[in-house]
Ligand code: UGA
């Protein structure tokens, strides 16, 4: 099939590459010329394991192209995926202006029957608005269908998630579009759920909110564990073996960050409110998530007593491992708060330091964890990168001024840390 993807962010770029990998002809459109040129030269705008190789293979095979020319993309393709950003606006609602712009442009260049697919995360009823926008802007009477096909990939394992999804959700309002979409996904070897457009839109918001709820729930349980002298990791294990609950997304820590959960929960709460249902649990989920960071800073203060003029090393800056993404990363809040209290900050992240430099001021960035440890009064683990789990902790201790480790991701065994002579605090244990 000929496919056009508008927007080369995380979702657009990965989706386009995956379809090309499956043998389709894909043209990825972005209005940013620099980005398109970069992609044409084989350079990736994001760090995502395996993506560069897959892009290169498919560009070389002639199945994957990048362009700024939306007209060429629309006229040559049967299916057009809208994968542009839906950032949060001031009041928590999703800003849908990019979606609207693309819908208008697509309408103007439509030359025959097209399927326009919402791939970006959007609030329920956006499909209807896209449909009306296209109807108002299409030049002649051309048939089209609007489909909702939400994406569930995670940063850091995006290729694997997109190639082997747990399920594929297709929200359609016509038989014609259903057939084409089911055909597109037929060799993905995943269950396909076909719904109406609105239900598909809600599936995405409800799924992300539920995962965030799981995280906030276990963080709240972690706080009880800490007060009671229990161990949240054992509690999560015991809960997670119940198949109805499941162990995934029960890792207590610094709470969720990233470009999806914080924004999507706000947007879901807002659209629910607009529709007439106050959704208080969503507000509680966000509050617990915020408090988790606040309590972590307090924990550092408790251990250091005086934070002013102390040097604190932060290991991990990205919002999660295997990405360079700093959006809503807990490390930002933690570093800002410690700096407000007069601390000097040293930091290291395997991939996110370039992005961190755009956001965080007055941080001494180091080449590796051992350089971070040199002369610090406390080490903070903010992201659970695999390489931190393999650190030579004896060497780390020798480098430190005082052996305080405050672990926001529970990557070390408390008994072992005490044996090594650290003053070690973690979450919910
Ligand atoms: C999330 C969803 O998991 C994807 O299914 C969805 O497609 C995506 O949002 C999106 O809407 O685009 P992502 O934000 O890439 O994916 O990352 P996650 O792996 O879900 O992690 C989100 C945050 O939750 C991270 O900060 C992570 O550290 C935190 N987390 C996750 C926990 O604190 N505990 C856990 O047990 C799991």
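The values are calculated or read from the model by the stated rules, or taken from the named source; none is laboratory data. Remember, predicted model here, so these are calculated numbers, not experimental data. Don't worry about glycine lacking a Cβ; one is built from the backbone with ideal geometry, like all the others, and counts go over all protein chains shown.
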Worksheet item: (1) surrounded by 21 or more Cβ atoms within 10 Å (Cβ to Cβ); (2) farther than 17 Å from residue 209 by Cβ; (3) within 16 Å of the ligand (Cβ to nearest atom): which one isn't true of residue 289, the others all being true?
Response: (2)
Discussion item. Residue under question is residue 327, and the condition is that it be under 25 Å from residue 155 (Cβ atoms) and touching a helix residue (DSSP H, G or I) at 6+ places or on another chain (Cβ under 9 Å); does it hold?
Written reply: yes
Worksheet, complete the sentence: The lone condition residue 374 fails out of (1) farther than 19 Å from residue 425 by Cα; (2) buried (at least 20 other Cβ atoms within 10 Å of the Cβ) is (2)
Worksheet item: With (1) modelled with pLDDT under 95; (2) crowded, with 16+ Cβ neighbours inside 10 Å as the list, and residue 261 as the residue in question, which single condition is left unmet?
Response: (1)
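Specify which of the listed residues (102, 117, 122) is crowded, with 22+ Cβ neighbours inside 10 Å, within 16 Å of the ligand (Cβ to nearest atom), closer than 25 Å to residue 55 by Cα and at pLDDT 95 or above.
117
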Worksheet, complete the sentence: Scanning the stretch 74-99 for residues that are farther than 18 Å from residue 9 by Cα and surrounded by fewer than 19 Cβ atoms within 10 Å (Cβ to Cβ) gives 75, 76, 78, 89, 90, 91, 92, 93
Response to the item:
Here the residues within the stretch 236-261 that are under 24 Å from residue 282 (Cβ atoms), in a helix (DSSP H, G or I) and more than 9 Å from the ligand (Cβ to nearest atom) are 239, 240
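Is it true that residue 18 is touching a helix residue (DSSP H, G or I) at 6+ places or on another chain (Cβ under 6 Å), assigned to a helix (DSSP H, G or I) and within 16 Å of the ligand (Cβ to nearest atom)?
Values: touching a helix residue (DSSP H, G or I) at 6+ places or on another chain (Cβ under 6 Å): yes; assigned to a helix (DSSP H, G or I): yes; within 16 Å of the ligand (Cβ to nearest atom): yes.
Against the criterion (touching a helix residue (DSSP H, G or I) at 6+ places or on another chain (Cβ under 6 Å), assigned to a helix (DSSP H, G or I) and within 16 Å of the ligand (Cβ to nearest atom)), residue 18 qualifies.
Which of the strands (runs of 3 or more DSSP E) contained wholly in the stretch 309-391 include at least 1 residues that are without any contact (Cβ under 8 Å) to a residue 40 or more places away in the chain and within 25 Å of the chain's Cα centre (by Cα)?
On the way: elements: 311-315, 344-348, 363-365, 378-381.
Hits in the stretch 309-391: 344-348, 363-365.
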Item to complete: Looking for whichever is on the phi > 0 side of the Ramachandran plot and in contact with a helix residue (DSSP H, G or I) (Cβ under 8 Å, 6 or more places away or on another chain) here; the options are 62, 50. Which one fits?
Response: 50
Worksheet entry | Hey, residue 281 within 16 Å of the ligand (Cβ to nearest atom), in contact (Cβ under 8 Å) with a residue 60 or more places away in the chain and either surrounded by 20 or more Cβ atoms within 10 Å (Cβ to Cβ) or part of a helix (DSSP H, G or I) (or both) or not | no
Discussion item. Suppose the filter is at negative phi, assigned to a helix (DSSP H, G or I) and surrounded by fewer than 20 Cβ atoms within 10 Å (Cβ to Cβ); does residue 71 pass it?
Written reply: yes
Fill in: Members of the stretch 392-417 found to be farther than 23 Å from residue 319 by Cβ, touching a helix residue (DSSP H, G or I) at 6+ places or on another chain (Cβ under 6 Å) and assigned to a loop (DSSP other than H, G, I, E, B), listed by number
400, 403
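So, in the stretch 131-159, exactly how many residues are without any contact (Cβ under 8 Å) to a residue 40 or more places away in the chain and over 27 Å from residue 104 (Cα atoms)?
The number of residues fulfilling the criteria is 1.
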Worksheet item: Just to be sure, is residue 271 closer than 22 Å to residue 334 by Cβ and either free of Cβ contacts under 8 Å to residues at least 24 places away in the same chain or touching a helix residue (DSSP H, G or I) at 6+ places or on another chain (Cβ under 9 Å) (or both)?
Response: no
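Among the residues of the stretch 224-235, write down those that are in a helix (DSSP H, G or I), away from the ligand (no atom under 14 Å from the Cβ) and surrounded by 15 or more Cβ atoms within 10 Å (Cβ to Cβ).
Within the stretch 224-235, the subset in a helix (DSSP H, G or I) is 224-228, 232-235.
With the extra rule that they be away from the ligand (no atom under 14 Å from the Cβ), the set shrinks to 224-228, 234.
Listed by number, the residues that qualify are 225, 226.
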